[in-house]
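Comments concern the structure below.
The values are calculated or read from the model by the stated rules, or taken from the named source; none is laboratory data. Just so we're clear, the structure is a prediction, and the values are computed from it rather than from any experiment. Methodologically, a virtual Cβ is constructed for each residue, glycine included, from the backbone with ideal geometry; neighbour enumeration extends over all protein chains shown. When the accessible area is computed, the model is the full protein with side chains, heavy atoms only, and any ligands, DNA or RNA have been set aside. Shrake-Rupley method; radii C 1.70, N 1.55, O 1.52, S 1.80 Å.
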Amino acid sequence: QVQLVESGGGLVQAGGSLRLSCAASGSILRINNMGWYRQAPGKQRELVADITRGKSTNYADSVKGRFTISRDNAKNTVYLQMNSLKPEDTAVYYCKAESVRTYWGQGTQVTVSS
């Protein structure tokens, strides 16, 4: 069984920064892609950014230039540095990890006030 534990969410003013972390633990063979998704109230879950094991990255257009995804393969951890936050970034942020199966974290709330 693999568990993903997220941390780093919270309340911040527009223009501020937050850093999310997601650590995988348990019976991990090999984690390939890792990523961050978000879901705002009344909206579908959407990709924010993902990163391959080789550290190639992909970003949603809405966060390009503001967010940076990174990972530490030795620690099975993925990070999301979020700068210049906007109220429209408010959502529950979920971590995703792909191995033999796909795993999701429990989510962490990010609230950006105007």
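Give me, ordered by chain and number, the residues 5 or more places off residue 16 or on other chains with an amide H under 5 Å from its own placed amide H.
For residue 16, whose amide H was placed from the backbone, the distant partners under 5 Å are 85.
If each of residue 98 and residue 45 carries a label point 7 Å out from its Cα toward its Cβ, how far apart are those two points in nm?
1.4 nm
Among 44, 13, 81, determine the one that fluctuates most according to a GNM of the chain built with springs between C-alpha atoms less than 10 Å apart.
Of 44, 13, 81, the most mobile in the Gaussian network model is 44.
Ignoring ligands and nucleic acids, what accessible area does residue 64 show with a 1.4 Å probe (Å², nearest 10)?
For residue 64, the solvent-accessible surface is approximately 120 Å².
HN-Hα J couplings of the stretch 34-46 from phi, Karplus 6.51/-1.76/1.60, θ = phi - 60°, integer Hz, Gly and Pro as x?
10, x, 10, 10, 9, 9, 8, x, x, 10, 7, 5, 10
In whole Hz and in residue order, list the ³J(HN,Hα) couplings for the stretch 85-99 that follow from phi through the Karplus curve 6.51 cos²θ - 1.76 cosθ + 1.60, θ = phi - 60°; x for Gly and Pro.
Listing the rounded values in order: 5, 10, x, 6, 7, 4, 4, 8, 9, 10, 8, 10, 9, 10, 10 Hz.
If the label point is 7 Å along Cα→Cβ of residue 53, which residues in the stretch 65-89 have backbone nitrogen under 17 Å from it?
Hits in the stretch 65-89 for residue 53 at 17 Å: 71-78.
State, in angstrom, two size descriptors of the chain derived from its alpha carbons: Rg to one decimal place and Dmax to the nearest whole number.
Final numbers for Rg and Dmax: 13.4, 43 Å.
How would 46, 98, 6, 88 line up by accessible area, probe 1.4 Å, largest first?
Listed by decreasing accessible area, they come as 88, 46, 98, 6.
Whenever you get a sec, line up 38, 30, 53 from highest to lowest accessible area (probe 1.4 Å, protein heavy atoms).
30, 53, 38
Need the list of lysines near residue 86 for cross-linking: C-alpha distance under 18 angstrom, and skip anything on the same chain fewer than eight residues off.
Within reach: 43, 64.
Which residue fluctuates most in the GNM of the chain (Cα springs below 10 Å): 61, 72, 50?
61
Going by accessible area, probe 1.4 Å, with all protein chains left in place, what is the ranking of 29, 4, 47, largest first?
Of 29, 4, 47, the descending order of accessible area is 29, 47, 4.
Calculate the FRET efficiency for residue 84 and residue 32 from the Cβ-Cβ distance with a Förster distance of 25 Å, rounded to the nearest 0.05.
For residue 84 and residue 32, the calculated efficiency is 0.25.
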